[in-house]
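Okay, so here's the structure we're looking at.
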Amino acid sequence: MTFDFLNPLMLLGLLGISLPFLVHLLSRKRYDIVHWGAMQFLELGRRTRRRIRLEGWLLLAIRMLLIALITFALARPWISGGFLSKFISTQSRDVVFIIDGSYSMGWEGEATTPHSAAIQWVHRFMEELNSGDTITIIDARDQPRLVTESPTHQFELVREKLNQLPPPSGSSNLANSVSKAVQTLSKTSNLEREIIVLTDDQAFCWTPQDTILWDQVNDLLQQSAVPIDLWATNVAGEKNQGLQSNLRVEKLTVSREVCVKNLPVKIATTIRYDGTEPTLISPVYFEVDGQRIKEKTQSVKIENHGEAAIEFQYRFEDEGTHVVSVVLDPDQLPGDDRSDAALHVTSALPVLLVDGTPSFDPTRSEVFFANLALMAPTNRTPWIQTTIIEKEQLNAEILKNQAVVILANVDALTETQAGDLIDFVNHEGGGVMITLGDQINPEQYQKLLFHADGLIPVELKAHESNPGIDFGNLTQISSDSLQMPWLTRFRGEYASGLTSARFNHWWDVSILDEDVKPPDDKAEKSEAKPRSTPVKIAELSNNKPLMYLMNHERGRVLLLTSSLDADWNNLPTKPDYVPFLHEAVFELSSGRVFRNINTDEPIVVPVPAKTTIDQLEVLDPNNTPVTGTIDPSANGATFQSQNTSLPGVYALNPKQGVETDLKADRFVVNFDRSESDLTPLSKAQQKSLTDDYHLKFFNTLDELKQAMFSDVSETEFWRFLLLIFLLLMVGELFLTRRLVQGGHATLSDNSH
């Protein structure tokens, strides 16, 4: 049997028990006794005095007991188990329903999907609750979402919210949802507190192997002042046994998220099959902006529990943001039958080349080869539009209309220029490529650009070289180090390839220690939020780093530890030099706007200056408006929205009838495809969750309901304390009246 209080702090009121006793002591004043002749007629008899004294002490005890009773009642005592809890069984409930919102709940093998069955069951369950009960609905996704902002008695509101639940999509984490439910119940007032998980019995969403996450749930349960019952049931019936086969499309990989018109883009993915047939032949469709491109349809043959790689290539003729999709024929699990990606098409990318060694002879310029590679004079419609400047011309104004800036062996920048370049990356989403050389001032770079809050936190250690006289001792690019999607095309050993280039000079560079603070006053401006770290994406054959790539909040920075011209290497002589520079520029420019994000990552996109939130609308995959904010700045404005819990395609459009320079845009929110693994929770896993975390599983909803309503063991009895309080109040009033009237009568009799 357990005894506890819901409001234990109210027990401090027990200190008030001393008040009647203190009043009694203070009222006992001491007088000087004066004997006079008629005093004998006023003295009471011993028996009468003893009775009055006993009644006075009894009245004092009753008053002290009244304070104790009201204090205990306000502390809301409750008892679990024993005769009293069985004798008094009517209690109101606080119920939290967790509805699994993952796409496996959209299985269509029966007359109704598990998700629809869960919603219908909650509707029926509410008919059996009383007016004192509260309900909370949690939509379980990667992050739990409170459908009702707080526990509510308004059942009609709950029914309305249930009918507005978005269809199942993406994945879910039930442990996170249970934690959210426990935190919600910690703020409720009823003694009976229930959490009901309605899912399809799939093991993946339970994450039973994540003991750390479930231990956190257990800690929250133990901290609760009132026991919380955890119930779970399978609303899918025999789903896993009825599933015959399932095909799924993995996440799409595009060769570039920013491209130009008529430049080929590769879209690759993997098709997986699980079923009963040894092999399966299936058509795979390719769509652009929802329109199927018939001539791109492919047919793949996949073995059971196997996969097949597939690739499409497409040239875009129209500028703007486009959504490409790989689609399969619908099956019983439609949530994984398509995969989308967004990319932006422009006429030409503006690239700023900052020449570190300007010369009257153009061929001796540091950017001569780079400029020819990016914008050949014979190309009338170049994919990249370059502008060449000297370092003195670099300022915030010239950066405004650029997508990528290339610093080619620039010796040093001023503090103002460095600040403008950092703002260009962090706030404007621009890309910066830094190529090193013999003009570099390492102290100035370290101070202004290569610190923790700069462009990239690295340390320039030393200038190294290899004359390359001995053919067997050449320093070249390690082919195995080229793992990034945009670099894999350059892998392989062949005479004219990127990996055949010889490097005679380079800077030895290492990632800066995270504990190193930015210099001077930059430490005060440093933000507390976690920052990205540089990633080594290419190295030389001597294991020295060649390229580092770093993603900022919006922009990207690429560091090349050697030169961009032919002074330190023979890279410009290789045919791969041209496509390499193009791929690098497109990779850096794609950081301006992240159009392919994961669930719960923000949508961030620049919009024209003076744009207001009333001029645009953002629709989620269900065409439901999404809220957001606009952050104005000196160089423009930025729209941002955190409401990306649903995977799929999001559309940003100017509102109809509103005059604005805003152009339509598209974003794709991706999700974990592991949700397609429909392996059910095993008996051993169920037993582990039951034994360690007190989670009770039921095969049917009726079994859950019967167990839940029969398990009413906790009972509050503050109402009985208040009843005793009222009875004692009557007794106290009667005793006080008796003492007053009895004392007067005795004094009157003695006076005669």
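The values are calculated or read from the model by the stated rules, or taken from the named source; none is laboratory data. Quantities reported herein were computed from a predicted structural model and do not represent experimental measurements. Here the Cβ positions follow ideal geometry from the backbone for every residue, glycine too, while neighbour counts run over all protein chains shown. Each accessible area value is taken on the protein alone, full model and side chains, heavy atoms only, with ligands, DNA and RNA left out. Shrake-Rupley method; radii C 1.70, N 1.55, O 1.52, S 1.80 Å.
Of note:
- Of all residues in the stretch 281-300, those satisfying the criterion of being assigned to a strand (DSSP E or B), exposed (fewer than 12 other Cβ atoms within 10 Å of the Cβ) and touching a residue at least 12 places away in the same chain (Cβ under 8 Å) are I281, P283, S299.
- Among the conditions (1) open to solvent by 50 Å² or more (accessible area, probe 1.4 Å); (2) out of contact with any His (no Cβ under 8 Å at 6 or more places or on another chain); (3) closer than 26 Å to V323 by Cβ, the only one that V605 does not satisfy is (1).
- Residue match in the stretch 579-588 (condition: open to solvent by 70 Å² or more (accessible area, probe 1.4 Å) and within 28 Å of the chain's Cα centre (by Cα)): no
- Inside the stretch 109-151, residues that are over 20 Å from S674 (Cβ atoms), open to solvent by 10 Å² or more (accessible area, probe 1.4 Å), part of a loop (DSSP other than H, G, I, E, B) and charged (D, E, K, R) make up a count of 4.
- Restricting the stretch 491-506 to residues that are of a type in the set (S, T, Y) and assigned to a loop (DSSP other than H, G, I, E, B), the residue that is modelled with the lowest pLDDT is Y494.
- Residue match in the stretch 309-320 (condition: in contact with a Cys (Cβ under 9 Å, 6 or more places away or on another chain) and under 28 Å from N395 (Cβ atoms)): no
Every residue, every condition in (1) under 20 Å from D438 (Cβ atoms); (2) modelled with pLDDT of 65 or more; (3) under 44 Å from the mean Cα position of the chain (by Cα); (4) assigned to a loop (DSSP other than H, G, I, E, B), yes or no:
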| position | (1), (2), (3), (4) |
| --- | --- |
| L460 | yes, yes, yes, no |
| H463 | yes, yes, yes, no |
| W486 | no, yes, yes, yes |
| R489 | no, yes, yes, no |
| D508 | yes, yes, yes, no |
| E514 | no, no, yes, yes |
| P519 | no, no, yes, yes |
| A523 | no, no, yes, no |
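- The residues in the stretch 280-310 that are in contact with a strand residue (DSSP E or B) (Cβ under 7 Å, 6 or more places away or on another chain) and closer than 30 Å to K663 by Cα can be counted, and the count is 8.
- In the stretch 184-206, the residue that is nearest to H153 (Cα to Cα) out of those that are modelled with pLDDT of 90 or more and out of contact with any strand residue (DSSP E or B) (no Cβ under 7 Å at 6 or more places or on another chain) is W206.
- Of all the listed residues (L220, L252, L247, L243), the sole one being open to solvent by 30 Å² or more (accessible area, probe 1.4 Å), modelled with pLDDT of 85 or more and of a type in the set (A, V, I, L, M, F, W, C) is L220.
- Test: residue in the stretch 91-109 that is closer than 30 Å to V178 by Cα, of a type outside the set (K, R) and at pLDDT below 75: yes
- Any chance D453 is touching a Ser or Thr at 6+ places or on another chain (Cβ under 6 Å), open to solvent by 20 Å² or more (accessible area, probe 1.4 Å) and closer than 21 Å to G555 by Cβ: yes
- Residue count for the stretch 244-276, restricted to those that are farther than 15 Å from R595 by Cβ and touching a Leu at 6+ places or on another chain (Cβ under 9 Å): 13
This table checks each residue for (1) buried (at least 22 other Cβ atoms within 10 Å of the Cβ); (2) at pLDDT 95 or above.
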{"residue": "Q385", "(1), (2)": "no, no"}
{"residue": "E390", "(1), (2)": "no, no"}
{"residue": "K400", "(1), (2)": "no, no"}
{"residue": "D423", "(1), (2)": "no, no"}
{"residue": "G429", "(1), (2)": "yes, no"}
{"residue": "M433", "(1), (2)": "yes, yes"}
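- Qualifying positions in the stretch 402-416 - crowded, with 20+ Cβ neighbours inside 10 Å and farther than 20 Å from A584 by Cβ: L413
- Counted as qualifying within the stretch 152-252 are the helices (runs of 4 or more DSSP H) with 1 or more residues that are among the basic types (K, R) and over 22 Å from the mean Cα position of the chain (by Cα), namely 155-163, 239-242.
- Total residues in the stretch 301-313, condition out of contact with any Phe, Trp or Tyr (no Cβ under 7 Å at 6 or more places or on another chain) and either in a loop (DSSP other than H, G, I, E, B) or surrounded by 17 or more Cβ atoms within 10 Å (Cβ to Cβ) (or both): 3
- Taking every residue in the stretch 545-557 that is at negative phi and among the small types (G, A, S) and pairing it with any residue that is modelled with pLDDT of 90 or more and part of a strand (DSSP E or B), at least 6 positions away or on another chain, the pairs with Cβ-Cβ distances below 9 Å are G555/G431; G555/V432.
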